Amino acid sequence: MKNSVTPRHTLLVVDDEPFILTAIERLFRDEQIKVRTAASGEEALTCLADEEVAVILTDNCMTGMSGLELLNRTKKIAPQTVRLMMTGYADLQMVLTAINEGEVYRFIVKPWHNQELITMVMEALNRYQLMRALQSSSELTLRSLAQTIELKDVYTRGHCDRVAHYALLLAEALDFSADRRKLMRHGCWLHDCGKIGIPGAILNKQGRLSRTEYDLVKQHPLWGLKVAEEAGLHQVVLDIIVGHHERLDGSGYPHGRRGAAIPLEARIAAIADVYDALTTDRSYRPCFSHATARDIMDKERASSFDADLLDLFWSLVVEPYPLTNNEQTEQKIR
Ligand SMILES: [Fe+2]
């Protein structure tokens, strides 16, 4: 699984059985990551003190320090490191408790399927990257993070910028303060950050998604919320990430909130998000004109959208925000 993980992040594998370490090292030879190995918890702690580790993957049942104790200590000395565990069936209950208590991000049961292990590690690396970027206070980093997420879905280039543009038109018309507008911009850039956890094959699938695939896609606001919360982002940004697919009548996801229970910023982002989705090409249909998009959205006036906000939106937006030259070229060659 080749993906967008930046080269040379470190995966630390811990097991007291040398053949396991060798097998995992070999497994990741072709991936863009650096693998370090440790034969015990104590050795792993030395590695963690030595260099920044993106992901730690440890066996639980080792002589000396157990994997769980190691991960517990890792959480304190390297909280940014994503913690994974290999375990036997006998330890399942313990691992589930550890996941619930935030000690372990994910686990895999021995003996594992290679592809399953690679997928778990690469997803953990994605999560590490996402968390590091979210913790940055630089607008440049946040925006480039949004663009990295867009790269997973070839049909959404420029989407985050355009959603921010439309949402800010509404925010200005509503006299939001400069600080609140800045938070709205960040929230709109990052609204789909949870999509980093959805396989590209699903995001770019031609035709309809299966029920299971759609259920997976519907998790992205919650995944985004979880990681953004952990990164300590502002409530306005969290509201947009988790609330941009909520609908006024409660038919949205992930919580099915209704009316004013959906924060204003999320109601604004929802209008901007849907308008941009309708007026740009998708894998399953070409873009709609402004007039058609307006008709479609007006039909859901008051059921899906905040009617007053929608009226204000139509008074501000009379045509889609132009795509950049690059985006136009990409649309032509698709
Ligand atoms: Fe979304």
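The values are calculated or read from the model by the stated rules, or taken from the named source; none is laboratory data. Just so it is clear, the structure is predicted and the values come from calculations on it, not from any experiment. Positions of Cβ are generated from backbone atoms using ideal geometry, with glycine treated the same way; all protein chains shown enter the neighbour counts.
Here is a yes/no grid of residues against (1) assigned by TED's automatic domain parsing to the domain that holds R285; (2) within 15 Å of the ligand (Cβ to nearest atom); (3) of a type in the set (G, A, S):
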| position | (1), (2), (3) |
| --- | --- |
| H186 | yes, no, no |
| C193 | yes, yes, no |
| I196 | yes, yes, no |
| Q206 | yes, no, no |
| L225 | yes, yes, no |
| G232 | yes, no, yes |
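A count restricted to the stretch 256-305 and to residues that are free of Cβ contacts under 8 Å to residues at least 60 places away in the same chain and of a type in the set (V, I, T) stands at 5.
So which of R162, R132, R208, R180 ends up being assigned to a loop (DSSP other than H, G, I, E, B) and touching a residue at least 24 places away in the same chain (Cβ under 8 Å)? Before the answer, list the steps.
Working: R162 fails: assigned to a loop (DSSP other than H, G, I, E, B); R132 fails: assigned to a loop (DSSP other than H, G, I, E, B); R180 fails: assigned to a loop (DSSP other than H, G, I, E, B).
Just one listed residue meets the conditions, R208.
Which of the residues belonging to the stretch 49-65 are under 28 Å from the mean Cα position of the chain (by Cα) and among the hydroxyl-bearing types (S, T, Y)? T58, the sole residue that qualifies. The set of residues from the stretch 16-51 being over 25 Å from I77 (Cβ atoms), assigned to a helix (DSSP H, G or I) and touching a residue at least 40 places away in the same chain (Cβ under 8 Å) comprises just one member, L27.
I'd like to know if the stretch 239-249 contains one or more residues that are assigned to a loop (DSSP other than H, G, I, E, B) and modelled with pLDDT under 90.
Initial filter on the stretch 239-249 (assigned to a loop (DSSP other than H, G, I, E, B)): 244-248.
Within this subset, residues satisfying the condition of being modelled with pLDDT under 90 are none.
No, that holds for no residue.
Applying the selection to the stretch 258-282, what residues are among the charged types (D, E, K, R), modelled with pLDDT of 95 or more and over 14 Å from A302 (Cα atoms)? Before the answer, list the steps.
Going through the stretch 258-282, the residues among the charged types (D, E, K, R) turn out to be 258, 265, 267, 273, 276, 281-282.
Applying the additional criterion that residues be modelled with pLDDT of 95 or more yields 258, 265, 267, 273, 276.
Those that are among the charged types (D, E, K, R), modelled with pLDDT of 95 or more and over 14 Å from A302 (Cα atoms): E265, D273, D276.
Residue-level check: of (1) surrounded by 20 or more Cβ atoms within 10 Å (Cβ to Cβ); (2) away from the ligand (no atom under 15 Å from the Cβ), D179 misses just (1).
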